[in-house]
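Everything on this sheet refers to the single structure shown next.
Nothing in this text is a laboratory measurement; each read-out follows from the coordinates by a stated rule. If you're wondering where the values come from, they're calculated on a predicted model, not measured in any experiment. Here Cβ is always computed from backbone atoms with ideal geometry, including for glycine, and neighbour counts include all displayed protein chains.
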Amino acid sequence: MSRTRRSNSLLFEIGNRVFLFLIAAACLLPFLYVAAASVTPPEELLVKRIVLIPSRVDLAAYRYILSTKIILQSLGVSVYITALGTLINIAMTAVMAYPLSRRNLRGRRQLLWMVVFTMLFNGGMIPTYLVVSSLHLLNTFWSLWLPTAISAFNLILMRNFFQEIPDELVEAVKMDGANDWQVLLRIILPLSLPAVATFSLFYAVGHWNSFFNAILYIRDTAKWPIQVWLRQIVLLSSGGFADATAISEAEYIPSQNTQYAVILFATVPVLMIYPFLQKYFAKGVLVGSVKG
Amino acid sequence: MRDRLLYLMLIPGILFFAIFKYLPMAGLSISFMDYNPFLGILKSNWVGLKHFLRLFGEPMFFRLFSNTLILAAYNLFFFFPLPIIVALLLNELAGQKYKNFIQTAVYIPHFISWIVVVGICYTMLSPQSGIITEILRGPGGETVNLLGDVRWFRPLITLQVIWKETGWGTIIFLAALAGVNVELYEAAIIDGANGWQRLLSITLPAIRSTIVIMLILRMGNFLDSGFEQVFLMQNSLNRNVSEVFDTYVYTSGLLNGQFSYSAAVGFFKSLVSLFLIVSVDRLAKAFGEEGLY
């Protein structure tokens, strides 16, 4: 009896390891496929069709990308939008989260309700567009930064994190004559670096990956981020199906491996910062904070 | 006043919520007007429920509603249980290093943009050169075009969500699992309970309230149907199954300039969402769960 149980649990342990390995592989393989295909000579892609290890490395797609102005320029635009946007996000979120984390602030409950309600109900695309347009933000980067300056969800998580810092510490610093502004900058933020790092990652990835606001608000193609160009290049031009409207929208039809290379260009920056910040977010910030 | 500086610090945030969250809510009043951009919101004519009546009378309305609901139901049935299952399996892993490796790998897709996900999907399924097209190619060499096949639209959307979000979704359940009292398991083992019995009588009851809260939260954006994703996967061939409330608002409002009508469509959708989240929350409370608020 006990031997069968032990062998059963060993069997489960092995099966579980193999199964989870397959899931992890399924998450990573598409990237390897795209990376391999981007350096595969186009004629090999056409003939062999299933390529995981190319016969020789062909960097033509990358040379082509580096020679076209739009992709490099839009990468620059994306970096700019992401860097400044994240800075605005963190500043706005932290400066609002700190007062909301002070337990004796009057009106705190009402303000929190005002924030939470926006998670349950919103005006939607059209009224928001009209607000952005009437503020004359259309076609400027501010249209990408301001309407998303604070995420209500991140605000509440950051407030929870600030709240964990002992009140006595804050009071002690105030006794020494520091005002709230100094408390935030010298005590709260330095003690909350893991949280700030995590929220920076979330906000930055949000800016880097967002494309719809740019489609909605930005007409000038010189101000388009890489994701919008990626849509033009990969989705609208791939002859996946006979969609006449989509194909006519695209300016040219790039080669297969150029498409793969652009996908990689739009992905690699995120994959590069991920390992540095990954160690923070599993701990602390998200744990036990579903309810806000 | 002692807290003057604290209140000053609240001003930028309050302005943000007032201008970009509450002003658009007030702007929903254009759904009761014939809004004309040249006249502005103050001079446009009030028309009562005209746009809502038009929406309900539209032959498209039933299809919009059912497309949105079916897509949401696919997500609920096929995606929602997966993070729970994977979290339970991860929780059973013995080695911490191996567990960390798996977690790092399965979180990555969450950080990839929808354009890249849909782009990879397009290139892999492309009838000309897609790797999956080649694997599925029939014995007679016939090409399988999943992208052009209306029946495959919903499964593809759901598979993309599963690939992108399953790993990330485990975080919250893993946190709940970490809080389960180890002594309960030890006592159960002494009493002779097998793994399956421990799962049913200790683990699942312990994470039940987390599951319920995640379910309520999901109800809140039940009708959002992953707008960016659907927008990217939509083409003229699959519009019959891919047109949902959000895409309809975009095409009828911003592309065709019917601001008031599409604001009414969006308003209707938001109201139904609010109704869903409140009623599921009530239901959860009726069954003795904590609920959201």
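Values computed for the structure shown
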read-out: Angle in degrees between helix B:259-286 and the longest Cα principal axis of chain B, rounded to the nearest 10; value: 30 degrees
read-out: Among A:LEU189, A:ASN179, A:ILE65 the positive-end extreme of the charge dipole of the protein assembly as shown (Cβ point charges); value: A:ASN179
read-out: For chain B, size of Cβ-based charge dipole, Lys and Arg +1, Asp and Glu -1, in debye; value: 580 debye
read-out: Gaussian network model of chain B, Cα within-10 Å springs - most flexible of B:ARG54, B:ARG154, B:ARG198; value: B:ARG198
read-out: Rounded, prolate or oblate (a/c below 1.5 giving rounded, otherwise prolate when a/b exceeds b/c) for segment B:49-286 by Cα gyration tensor; value: oblate
read-out: Cleavage-rule hits, trypsin sites (Lys or Arg not before Pro), segment A:53-159, DSSP coil, Cβ neighbours within 10 Å at most 12; value: A:ARG56, A:ARG103, A:ARG106
read-out: Straight-distance crosslink candidates among aspartates and glutamates, where the alpha carbon sits under 14 Å from B:LYS99 and sequence neighbours closer than 8 are dropped; value: A:GLU13
read-out: Karplus (6.51, -1.76, 1.60) ³J(HN,Hα), θ = phi - 60°, over segment B:206-215, in Hz, Gly and Pro reported as x; value: 5, 9, 4, 5, 5, 4, 5, 5, 4, 5
read-out: GNM top mover of B:PRO109, B:PRO205, B:PRO155 - chain B, alpha-carbon springs below 10 Å; value: B:PRO205
read-out: Where a label projected 7 Å from the Cα of A:ASN104 along Cα→Cβ would reach, residues of segment B:1-32 with amide N under 16 Å; value: B:1-7
read-out: Inter-probe distance in nm under a simple model that places probes 7 Å from Cα toward Cβ, at B:LEU42 and B:ALA26; value: 1.2 nm
read-out: For segment B:87-158 versus segment A:149-204, the gap between their alpha-carbon centres in whole angstrom; value: 39 Å
read-out: Sorted by Cβ neighbour density within 10 Å, fewest at the top, the residues B:HIS110, B:HIS51; value: B:HIS110, B:HIS51
read-out: Chain B, helix-only ellipticity at 222 nm - DSSP H runs n ≥ 4, -39,500 (n - 2.57), divided by all residues, nearest 500; value: -19500 deg cm²/dmol
read-out: Per-pair calculated FRET efficiency, R0 = 22 Å: B:LEU215 and B:LEU274 via Cβ, rounded to 0.05; value: 0.85
read-out: Links that overshoot a 23 Å alpha carbon limit, given the list A:LYS223/B:LYS43; A:LYS223/B:LYS21; B:LYS50/B:LYS269; A:LYS69/A:LYS223; value: A:LYS223/B:LYS43; A:LYS223/B:LYS21
read-out: Nearest 10 degrees, 0 to 90: helix B:4-17 Cα axis against chain B principal axis; value: 70 degrees
read-out: For B:MET33, residues with placed amide H under 5 Å, excluding near neighbours; value: B:VAL47
read-out: Whole-Hz ³J(HN,Hα) from phi, Karplus 6.51 cos²θ - 1.76 cosθ + 1.60, for segment A:117-128, glycine and proline x; value: 4, 5, 7, 9, 9, 9, x, x, 4, 5, x, 5
read-out: Candidate aspartates and glutamates for bridging to B:LYS164, where Cα separation is under 18 Å - those fewer than 8 sequence places away on the same chain excluded; value: B:ASP224, B:GLU228
read-out: FRET efficiency, A:GLU43 to A:LYS69 (Cβ-Cβ, R0 25 Å, nearest 0.05); value: 0.40
read-out: Cα Rg over Rh - segment B:168-257, Kirkwood; value: 1.29
read-out: The protein assembly as shown: C-alpha gyration tensor shape, a/c 1.5 cut-off, then a/b vs b/c; value: rounded
read-out: Degrees between helix B:96-107 axis and first principal axis of chain B (Cα, 0 to 90, nearest 10); value: 20 degrees
read-out: Under the Karplus curve 6.51 cos²θ - 1.76 cosθ + 1.60, θ = phi - 60°, whole-Hz ³J(HN,Hα) for segment B:51-63, x wherever Gly or Pro sits; value: 5, 5, 5, 4, 4, 5, x, 5, x, 5, 4, 4, 5
